[in-house]
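> Let me give you the structure first, and then I'll get to my questions.
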Amino acid sequence: MSPRARQPRLSLEPLVECYGNVSTLARALGVERTQVAHWRSDGLPVESADRIACSLGKHPAEVWPDWYGLTVLLDGEAA
């Protein structure tokens, strides 16, 4: 993938649903509500999604069931 190509983004909705709302999720992540709102509207880059899930004690595949397919796709682009 070229550096300028936009990576796929994942929906924040599974985490918002898990935590009930944006404010509660923001507190759990230790970030401002506005950052969570930004992620909610623009989606999460794969690397950020991985870090966020892990910081909440979850494997990304627990949050995004298609995680493995997505990471295999990205690994194939890197080759």
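> State which residue is farthest from Glu47 (Cα to Cα) when the search covers only the range 12-28 and only residues that are buried (at least 16 other Cβ atoms within 10 Å of the Cβ) and of a type in the set (Val, Ile, Thr).
Only one residue fits best here, namely Val22.
> Looking at (1) more than 14 Å from Leu15 (Cβ to Cβ); (2) at pLDDT below 95, find the lone condition where Thr34 falls short.
So Thr34 meets the others, but not (2).
> Among the residues of the range 33-48, how many are surrounded by 11 or more Cβ atoms within 10 Å (Cβ to Cβ) and at negative phi?
Of the residues in that region, 11 qualify.
The values are calculated or read from the model by the stated rules, or taken from the named source; none is laboratory data. A quick note: this is a predicted structure, and the numbers were derived from the prediction, not measured. Ideal geometry is used to build each Cβ from the backbone, glycine not excepted, and the neighbour counts take in all protein chains shown.
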